[in-house]
Structure formats: C-alpha cells, structure tokens
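Worksheet for the structure shown next.
The values are calculated or read from the model by the stated rules, or taken from the named source; none is laboratory data. Quantities reported herein were computed from a predicted structural model and do not represent experimental measurements. Here Cβ is always computed from backbone atoms with ideal geometry, including for glycine, and neighbour counts include all displayed protein chains. In case anyone asks, the SASA skips ligands and DNA or RNA and just uses the protein heavy atoms, side chains included. Shrake-Rupley method; radii C 1.70, N 1.55, O 1.52, S 1.80 Å.
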Protein chains: 4
Amino acid sequence: MYQSILNEIYDSVQPLIGQGPVASYIPRLASVPADKFGMAVQTVEGSLYQIGDAEEAFSIQSISKIFVFALALKHAEDEIWRRVGREPSGRPFNSLVQLEYENGVPRNPFINSGAFVVTDIVMSFTRDAKRRLLELVRMLADNREIQYDYEVARSEAAHGHRNAALANFLKSYSNLRCEVESVLDTYFTHCSLAMSCVDLARASLFLANGGCVPWHDGAIIRPEQAKGVNALLMTCGTYDEAGDFAYRVGLPGKSGVGGGIVAIVPGHASVVVWSPGLTPGGNSLAGIRALELFTALTGLSLF
Amino acid sequence: MYQSILNEIYDSVQPLIGQGPVASYIPRLASVPADKFGMAVQTVEGSLYQIGDAEEAFSIQSISKIFVFALALKHAEDEIWRRVGREPSGRPFNSLVQLEYENGVPRNPFINSGAFVVTDIVMSFTRDAKRRLLELVRMLADNREIQYDYEVARSEAAHGHRNAALANFLKSYSNLRCEVESVLDTYFTHCSLAMSCVDLARASLFLANGGCVPWHDGAIIRPEQAKGVNALLMTCGTYDEAGDFAYRVGLPGKSGVGGGIVAIVPGHASVVVWSPGLTPGGNSLAGIRALELFTALTGLSLF
Amino acid sequence: MYQSILNEIYDSVQPLIGQGPVASYIPRLASVPADKFGMAVQTVEGSLYQIGDAEEAFSIQSISKIFVFALALKHAEDEIWRRVGREPSGRPFNSLVQLEYENGVPRNPFINSGAFVVTDIVMSFTRDAKRRLLELVRMLADNREIQYDYEVARSEAAHGHRNAALANFLKSYSNLRCEVESVLDTYFTHCSLAMSCVDLARASLFLANGGCVPWHDGAIIRPEQAKGVNALLMTCGTYDEAGDFAYRVGLPGKSGVGGGIVAIVPGHASVVVWSPGLTPGGNSLAGIRALELFTALTGLSLF
Amino acid sequence: MYQSILNEIYDSVQPLIGQGPVASYIPRLASVPADKFGMAVQTVEGSLYQIGDAEEAFSIQSISKIFVFALALKHAEDEIWRRVGREPSGRPFNSLVQLEYENGVPRNPFINSGAFVVTDIVMSFTRDAKRRLLELVRMLADNREIQYDYEVARSEAAHGHRNAALANFLKSYSNLRCEVESVLDTYFTHCSLAMSCVDLARASLFLANGGCVPWHDGAIIRPEQAKGVNALLMTCGTYDEAGDFAYRVGLPGKSGVGGGIVAIVPGHASVVVWSPGLTPGGNSLAGIRALELFTALTGLSLF
C-alpha cells in the first residue's frame, strides 16, 4: 500500500541527500557517509514497507529519549511532572539559559536537560538502567541483535562538556538524585543505541497503537499516556524546529543528531526516516522533507 | 450525538467555574461575571450542539488572531514567513525578550508581536482592515449582528502600554510598515469583537473543513493552509501553556483573555468554550478542563 | 599647565579622527563632519585649556543625563532610588531584556530607561522641565547662549521607536507617572542641547568641585551626592563599555552618541572631548583614546 | 592616625554584626560564628592599624581571584584579554546566561567563569599553580604560615555543581585548555586560602603601591597594570553589587563569600574588613558599612 509512495519520496528527495552538515562533534558520527537515506513504515496491522538504507543501523542518539521516557512514564509518572515541564523551550536543545531563569526545572523531557532528569528517575527505580532500556528496545523492535555502540558512548563522554555543564547545573538545583557522572554515562549509553529504520519503526509502533505492541502481551504504557507522549513529541520533539515540523509534516516526531527521525500516525503507523545531513536546528534535512512528502501524499497529517 | 457529552462536561466542570482570576487590566473585562460557562460544537456536517451561556457574546480578544491570520494567509503568505517565524516562544505572550535576541522577528503569528506584524500585513493590502475583518467574521459565522465593542477597544488602547512597547519595538526593527498607532488601533479593534460560543464555532469551522465553510462558496484559504494554521495553533495557540494544552486536550486551539477557547477537530468539528476565570498562563481554567473532558469522552484527541 | 599635554594628545589622536561610524539614525547627526575633534579642560581653580574644535557646539545627547540627574538628585533623591537601581546593566544602553526580567526597574540612571524615570521624576516637581534644565545648564556653563536644537529633538521623536518601546514598557510596569509622549518629548529635548567642549567642561565642573561651581552661590548638589554621581559615572556612564573605559581612562565619564565625552577628575578638573566617530558600544572612538592619553600623561587616573 | 577611626567604625557597626546569613553551602563556612568582625589598614608608608578579629584567619574565597589574576597579568596579559572581557556582568557571580549569549567569553576576570579562565592561563605557564600562588601570597603578606585549608577545598568540590557547570560550559566553548577537573581543583584550592585581615591588608598593598611591596625587591606587576586591576575591582569586584559598592564606598574592592572584603586606596593604603553575615548579593553586610564609614570619615573616597 505504501510502497509506491516510498518510491516516489525516494526519487523526490534525491537532490537533498548529502545536503546539510553531518554531526561532527564526535569522530564516529562525523565518519558516517552523508549520502545515506533510508525510510520504513510499520502499520499497526503488521505491514512493513521500506526503501533505501532502511536496514542499516545508525546511531539513534536523541530518539532514545522516547524509550527512556516511556520507561519512566510506566513506573514514575508523578515524579516526572514534579521535576520536568511539558512546554516547548523556545531555545536550542542544549541551552542553559532557561534552566537558570526557571530554577533548574527543564521545560520538557525531550531537551537534553529534561532527558537527564528522566534518566535520573529511571535510575532510581532500576539497578541497571542500561540493561533495562536495551531489553525494552529489543522487545519493542523484536530484534535481539540491537546493541549499544560503546565507542560512540565513550566518545560522547569525552566531548560532552556542554552536557556535563547541563547535568551539573541540574544537580546544583537538586534536580538530579544520582551522581552527575553516572547520569551522563547512562544517558550517553542510551544515546549510542545502533538501530535501523526498520528497528525503530517497529520499536516506536506502540505509540501509534495505544501503548501496546502486537508481538508482546501487555501494554508498555497506558493509552492515555501514549497520547501524552505523542502530544509532547508534537510540541517538543524536534527541538527549536518543532513548530516548523508540525507545520510541514503534521505528525508527532522525534529526531536525533545521527540523522534519524521517528514520526507517529496515531492509530495507524510509525514512520522512520534516516539521512545524516542536518538542518541548522539539528534535524535531518532530507528526512524532514521525506516526511513532509509522506503526509502530503497520504493525507495522513493530523491537521 | 454530542449533546449528552456536553451535558456531562457541564456537570463535571461546575466546581471549576468561577475559579481563577478574570482578566482585570481593563474595566470592561473585569466586570464580566466570573460564573459564566458556555460551550458549543459545530460539525462539518452542519449539526450544532450547545450548553450553558453558549449564545452570550463575550470579548474574543486574541481569538481574533485566527481570523486576521487567515486574511493575511490568503493574500500575502510569502510576506508572512519573511517577517514572522512559526516556533513556540517559550515565553509569555507579551514578552519582549525574544524580540531583542532575535532582531525583531516574532516567533509566531499568535503571540502579540506576531499578530502586530500580521495586522500590518493585512493593512498593507486593504484600505480598511477593520471593516474587512468584520465582514469576514460575519460571513464565517453567518451572523450579520456581530459587532466590535469600541468601548473595549478604547479601553485597551488606554491601558495598552505593554502592547505599545511591543509595537514600537517591532517598528524599531523595521518590522512594521504602517504607523505604530494605526496598527495598535486596528489590533485593539479586532480584539474587541463580541461573539458567542455559537458564533465562534461557526466562524472557525473552516479550519476543520479544509479552508471552506458550507454556507459560503469558495474557500477562505487552501486546504494545506488550513492544515498549517491548525499546526500553528497546536504548537503556539495557547501561549506558554501550548505544550500542556496539547498534552491534556490533544487538539489545535486558540485562547483569549476574555475566557474563550476555540479548538479544532480537523475534518470533523469546531469546539468552543467560554468561561472567564483564567490560569496563570492566561487561558480559561474551566475551559481547558472542558476541552480535556471533551476529547477524553469522544476519543477525538488527535493523538 | 595642561596646554602642552592637550597639544600632544591632539597630535597623537590624528590617525583615529574620522574612524568609527558617525551616529546616523537621524539626519542631523549623520550630517556632522566625521573629522571634528575638540578637547577642553576646566580646573576647579578656574583655568581653562582647549584645543581643536573645542568651541564648536555639538549635540550632547546622553551627556544631558548628568544634568537631569543632578536636578532630580537635588529635589527627590529618595524617589530616585525607589524606582531606579545603581548597577551596571551588562547590556546595551537601549536594551529591554533587563527591564522584563527585573519588573520594570532600570538598572541605573544612565541607561535610557533609567533616564526616562529620572525625567519623569523631574517633571513631577517642576512645571516646565525643559526650561528648568536649560536654565541650570546655562548657569552651570555661565553661557546664556546655550539652546536646544528643536530640529534634532523632532527628528529623534520621529525615529525614536526603540525609545518609545522602552518608555511604554516602563509605563506598563507603572514606573512612569507622566504620559509616555510627554516624557519622551522632554527627554528628546534635553538630549538635543547644543553645547561645545568648553561649555560642557564648565557645566560639569560642579562634579569635580563637591557639587558647587565657583561662579554661582550655593551648591547644585551636596558633596556626598557629587561623589555618588561620579561613582555611578564610573560604573555606568559609558554604557556596556564602562568597564573598559574605567580600565583605560580611570575616570568617571559620560558619553553621548553625538561623540562627546565628559570625564571628571574629582577635586581637580573636568575634561571634555568631542569627536563624532563611534566605537561599537556607542562611545567616541578618538575621544576615549584622548582621555586615555590624558590620564597616562598627567597621572590623574583615580587608580 | 587611623586607629581612632577604626575604633569609631567598630562601635558604629556593632548593630549590624551578625545580620545577614553566613554562607552555608559547605559545612566549614556555615560553622563560622556570625558575630566576628575584624578590620585592618596597611599604609604604603608601612603603618598597620587594626581592630577586632583582625588577626583571625578566615576563608578568603573569591578574594583569591586578585592574586591569581596578578599572576596571570604578569606572565600572560595578552592571553587574558583574548579570552576574558572587562565589563560588569549585570548578573550574579555564578550566572551561566551571559556565557551562552556571548559564546563562552566571561565578562570579566572576577566572576567565577572569568576566574576559571584566568586559572587555566596560570596553569598553562606553571607546573604547580597551587604552590606558585601560595608562595606569592606568603611573600606578599610576609607571612610563611599562610596555608590552604584543604578541608574547605574538598568540601567546595563536593558541593561545587554550579561551578562544575560553569567550567564544563567554558570547556564546551574551548575557553579552557586544561582538564575541567584540574581547573576546578586548582580554583577551589586557591579559594580555600586561610588569611586574616592583617594578612590580606599586607598582601594587597601592592595594588595601592603601583604594583610593588616595600618588603620585596622587584614589582609584582607594572604600575599601569596595578591601575588596571583597581579599575576592574571598581567596576566588577563585588559581583552584581559593584555599582552600589562604588556609590557607597568609592574604592576598588574585592569580596568573598567568607565575609572578607579588600579595598584599595591607590597611592595610600589597603583596607580589609571581615564579617561573615552577607548581603543578598553575597558581600559582607557589616563589612560594606564599615568601608562606607571609613571613606566618609577619612575623605578617602576616590570620587
């Protein structure tokens, strides 16, 4: 059903592939070929469509925030909303300005500071937050081969002064319980997950399906929680370009600096695209265009 | 179909009616009884449902930004996006901070500074922007009785130093073409529109209906423009509470300090609520709860 | 005594004269020849030294803030410190950001917002603040010929949207008592004073002389108030370059965008320089260098 | 000569002693008795005057910034001004906001971020910056008994998340060369210096004496550098209360959260006061009053 649409998108975005700089702050990301492009659609009925490099694993980076947040939501929702807001920040994803003016309470769970607090919450109820997340993601994607890329995680830590600034800043406001180093280590490891478009499409399907996955008994999160996650992705999922993303694509989405974007069609499907060249706001340039074409061609924009 | 749901909402929100301060910066708004509550649903099929004070006119205030924006979109879309962004501001609706850091370009058309630029654009292609908007709104609502409340407009002008600061600031960045006084006068007049929930439900139906209204030949705006407006309302329509509104209600919405909120169910209906008591962010307190119940009970959240 | 030093300075700064842009936001200032340079020293013992264009009148602009502040200090000191701070702003002279974060209280009397409040205070205790200031300045300078340049004042008003933004912003915080238009009109008129280096050196001598001028009975302000003004000029008198000015010159000083700078050697002399080319911070480029040479050659730096 | 004045000050400030909270972020500082008060004056002619607890050692904290800055100035002045500004910040001493808006360049050497850069510079030209500073301070104070208080330093490190945030932030802008941990460790050690008012009065005399101390051959810094330090202390030495300090005291000064303040009378004397209760801005409450009385009674204000 969607294969011809993916084909059409693939042709249309060719001129954009390779445009925009690839994330270069760590060597492992900088070495990813700029001309990659993959896309996958997973429907709630169980159909999978894909094109291009859709089975090639890439560094999902901030997309991992979805899965960590789902874990925290399941086990400690009240705690989250005592320590994190749910408003767009109006600033870049790694800004410290807002934290200082708002006393150390991150504006939402999908900017870096918010994700640190969410990670801290997950660490408070599980002994091994890294193993726990990996198990969740493997189960969601139905793929036991998914791994952390520890070289990426180490490299992030070595170049992560801005993130260390953010985490220490949170700690100075007593909005981290665990040690700064431990939170950062867990966060960087989560971000290093190597997954393909197909993996991610399967792993994020629960958000399109009321919190459940077909190949797993029991809900990951409750239906109204899934709605809440999608709402947050719509207003806060693509950093300081969330408004433009909503305007052009019309779906909740979460991006990572590795060039991946996950978009959700509630009740229907998850759509994942990967292309490493980035916009000034840090989102996949060809990826946003591909998703814009997707909703234009399918009429699946929520609006 | 929706009458029993409106009845249930009406009962549920009773304890909230009268909570939250009524806007008091001008006498005319301050004198509105705090215990008012009305709600109306207009479907694209033509059915109208209502409850409470749904036929009583109130000051729509910032909800007028929707209609002025639609006018500008129809005639000068390119000009808009050269002079206004489409991102949430992360600040109160009348903040000047962002303008100074971002060289006089408002973050979106639904904060005050953005609306001034949009008003300025409308004034550039029509001789009488006040009459033009009034005609549009009357046609959209199919009600020739709708009027500006000039006493409200004069009162706004007399107390509008913050807005005068914003408009002069924009002018200093050359992001207003017309005279400051003229833009403010037009803006305050637009905001003074007195309409009921029923009026507003009818007048905003075009956003749920691909840019068209059933009782009028020809589109107000194109279908993809209607999608764009809804996306902007989702991320930017309820000021610095837009994230929370999306999380709780799950619909695009636009609020005013008069206590009205318009919400759009794309393809289906417009839903309007009015209750004057406000949240700290300036949105109707009982109104948000009513809309939250509406999507919970109907399952019409987009997410 | 100082003539040979002025001669040496005059020779040294020749390469700098004409460097830096002349203020161009109003035609009258933009038309001032960039190659002007004048300097005057007036000692408390009554000697006057001068060089270059020291007798040519120029637009003193923000230097007028000294005289208006002295008037307010004499009559309503307590009122000033209830409504204005005395800290450097860390932002450009016309920034609105600080006002928003600090609830409409300007950081000091020598940024524009602070001067508006001081003007408002002066207007509250005198019926004709323009005539009152002109009389004070004529008496201080011992020159009845000093005049406002009403064309400059009108031109400022016509281009003064940034200042109108600031004044309206203050009014929205109830930190102006008079009407915005009236305060701006008075402020722009004060700024339009046309005075020469010699005029200014005489007119500012009271700050070097414990609040008194030799040619006038009675003190303008008390000795400890004169100290206070000098302290404020040191930390806040040259906008966001006050730290650099203190570092290089080592004297309290007040600059204007017309290219004038007044510097005070407490107990000893006033030193005035004029050259229209400006630094990025809005201070006279050659003027700062001239004053730096003055304290280097005379050893009169306070530090 | 000054003994009677110190006596008078001592009597006058009694009601203020114990007012204002003692720094409580680390146990060692929190345990200092609030009722301490000491004061010392050291003239360039060699006379020493003291009163109260002037010989009791306290934690000099940020006052150490003077000595580290002097070291850097002597060896790497150009490097300093490439990486640090010399303007007041208009924000609290530990604010991160300005760094983000100004690309990681601290506004001056006397806020924490600026001191980290200066420490980093000193570490780049000496193998053991801790030993080097201790030697300098012992020599300046002519007291071999002066020691670091390593318990204080360790405690600072354990509670220093805000400083760690600042240092990591600088590093993310590449404005630190050494490792973050190493810079912080050195900084905290420097701040832990335990010195008395008498020690500090002797140690800071070089700033009143053109960069030289009588009991040491050779200049610490050049005379014009000493002037520059004094200018910076005037505009930036007492955090976001520098304007008020200049207004009330009229001398360059440097404060620490341990309750000490060093003030300089150029060409004449150094004046040191210690009292642990602090103002909201983090300066000694009774100490500022004592210095205000000192210049009022002696007429030694620079203004």
Going through region A:183-230, which chymotrypsin sites (Phe, Trp or Tyr not before Pro) have at most 16 other Cβ atoms within 10 Å and a DSSP loop state?
A:Trp215
Express in whole angstrom the spacing between the alpha-carbon centres of region B:26-86 and region D:226-303.
58
Using the Cβ atoms and a cut-off under 11 Å, what net charge is assigned to the surroundings of A:Glu135, where Lys and Arg are +1 and Asp and Glu are -1?
+4
Considering the Cα trace of region B:1-157, what is its radius of gyration and what is Dmax, both in angstroms?
18.2, 50
So if we plug the beta-carbon distance of C:Glu102 and C:Asp11 into 1/(1 + (r/R0)^6) with R0 = 41 Å, what FRET efficiency do we get, rounded to 0.05?
0.35
For region C:23-114, run through the GluC sites (Glu not before Pro) and keep only the ones in DSSP coil with at most 10 other Cβ atoms within 10 Å of their Cβ.
C:Glu45
Relative to the longest principal Cα axis of chain C, at what angle does helix C:223-236 sit, 0 to 90 degrees, rounded to 10?
90
Axis-nearest residue of B (beta carbon) for the B-onto-D rotation, whole Å
B:Tyr101, 4
Ballpark to the nearest 100 Å², how much total accessible area do C and D bury together, probe 1.4 Å?
2500
Let me know the charge dipole size of region D:1-139 about its Cα centre in debye, to the nearest 20, where only the beta-carbon of Lys, Arg (+1) and Asp, Glu (-1) is charged.
560
Using only DSSP helix segments of four residues or longer, with each worth -39500 (n - 2.57), what per-residue ellipticity at 222 nm results for chain D after dividing by its residue count and rounding to 500?
-14500 deg cm²/dmol
Sulfur and carbon atoms: percent of accessible area, chain C [1.4 Å]:
48
Here the net charge surrounding D:Tyr10, from other residues whose Cβ is less than 12 Å away from its Cβ (Lys, Arg +1; Asp, Glu -1), is -2
Per 20 Å bin, what is the whole-percent P(r) computed from every C-alpha pair distance within the protein assembly as shown?
11, 35, 35, 17, 2
Restrict the search to region B:161-193; then list the trypsin sites (Lys or Arg not before Pro) that DSSP places in a loop and that have at most 16 other Cβ atoms within 10 Å of their Cβ.
B:Arg177
Before I look further, what does region D:221-289 give for accessible area per residue, probe 1.4 Å, in whole square angstrom?
17
Only Lys, Arg, Asp and Glu count, each charged at its Cβ (+1, +1, -1, -1), so figure out the dipole size of chain C about its Cα centre, rounded to 20 debye.
560
Would you please give the FRET efficiency between C:Ser182 and A:His216, computed as 1/(1 + (r/R0)^6) with r the Cβ-Cβ distance and R0 = 56 Å, to the nearest 0.05?
0.20
Would you kindly derive the ³J(HN,Hα) couplings of region D:33-41 from the backbone phi angles with the Karplus curve 6.51 cos²θ - 1.76 cosθ + 1.60 (θ = phi - 60°), listing them in order in whole Hz, with x for Gly and Pro?
x, 6, 8, 6, 7, x, 8, 9, 10
Pairwise FRET efficiency - A:Arg82 versus D:His159, Cβ, R0 = 22 Å, nearest 0.05:
0.40
With axes computed from alpha carbons, what is the tilt in degrees of helix B:285-298 against the longest principal axis of chain B, rounded to the nearest 10 within 0 to 90?
60
Nm distances between copies for D:Ser47, ranked from closest, using label points 7 Å along Cα→Cβ:
3.1, 9.8, 9.8
Along Cα→Cβ at 7 Å, what distances in nm separate the C:Leu297 label point from those on the other copies, shortest first?
4.2, 7.7, 8.6
Suppose a student asked you for the relative contact order of chain A, using Cα pairs under 8 Å spaced at least 6 residues apart; what percent would you report?
27
Report, to the nearest 10°, how far helix D:3-13 tilts away from the longest principal axis of the Cα atoms in chain D, using its own Cα long axis and a range of 0 to 90°.
70
7 Å along Cα→Cβ, label-point gaps from B:Tyr101 to other copies, nm, shortest first:
0.6, 0.8, 0.9
